[in-house]
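Q: First the structure, then my questions, so here it is.
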Amino acid sequence: MIFHRLASIHRNQKGFTLVEVIMAITITSLIGGGIVAGIFQILNVNALNITNMTAVKQIENAGHWISRDGQMAETVTLSGDEDGFPLKLSWTDWDGTANVVTYTIAGGELRRSHSENGLEISQNLVAQYINSDPIKTNATVSGTRLIVTITATVNDGSQIASKTRVCEVTPRPSLE
């Protein structure tokens, strides 16, 4: 009779036991931890991709302009510095216009200055985040080829991306 009475008490009780509550909290914590770790991973990879793309875009832009002007150049003049910058490219157009383009690196920025017949007509920021270490960014002439190595290093907080591009250009021969 006593056992019958205890069984009826347990049947009428509502709620969860302590073991059930602890198991539910543990399972919820594991699922929540996995979700938080997944979100953190997605944000971390996204930040790294943005940093990489910024470095790639800067290198592509620098390579485009240097290759374009290098193919037009009849004369390539490097500075006496270890890195070869400022780099001066000169040519004469079909109409006799004398063009001089000078590339300089200062404060991590690659700048292009263009003058025609001695008058400066434009000065542009070509690329940012340029590494000014002469080993990583330099210009040399080998035979008839202009070889420019450019490295962009983007430091975005905890993410660091460094990309290097080597442009090899054969300037056009002088008409003289």
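Q: Based on the mean of other beta carbon atoms within 10 Å per residue, what is the order of 62-70, 33-41, most packed first? Mind dumping the intermediate values first?
A: Working: 62-70: 19.3, 33-41: 10.0.
Those peptides, ordered most packed to least, come out 62-70, 33-41.
Q: On to the next question. By how many degrees, 0 to 90 and rounded to 10, does the Cα axis of helix 18-72 deviate from the longest principal axis of the chain?
A: The answer is roughly 10 degrees.
Q: Among the lysines, select those whose C-alpha is under 22 Å from the C-alpha of Lys57, and discard any that sit fewer than 8 residues away in the same chain.
A: Leaving aside lysines fewer than 8 places away in the same chain, those within reach of Lys57 are Lys136, Lys163.
Q: Another question, then. Average the reciprocal distances over every distinct pair of alpha-carbons in the chain, invert the result, and give the Kirkwood radius in Å.
A: Value: 20.7 Å, from the Cα pair sum.
Q: Follow-up. When Lys and Arg each count +1 and Asp and Glu each count -1, what net charge do the other residues less than 15 Å away from Thr170, Cβ to Cβ, add up to?
A: Details: positive: Arg68, Arg145, Arg172; negative: Asp69, Glu74, Glu168.
Computed value for this residue: 0.
Q: For helix 2-12, report the angle its Cα long axis makes with the longest principal axis of the Cα atoms of the chain; keep it between 0 and 90° and round to the nearest 10°.
A: 40 degrees
Each value in this text was obtained by applying a stated rule to the coordinates, not by laboratory testing. Quick caveat, the model's predicted, so the values are computed rather than measured. Glycine also receives a Cβ, built like all others from the backbone with ideal geometry; neighbour counts cover every protein chain displayed.
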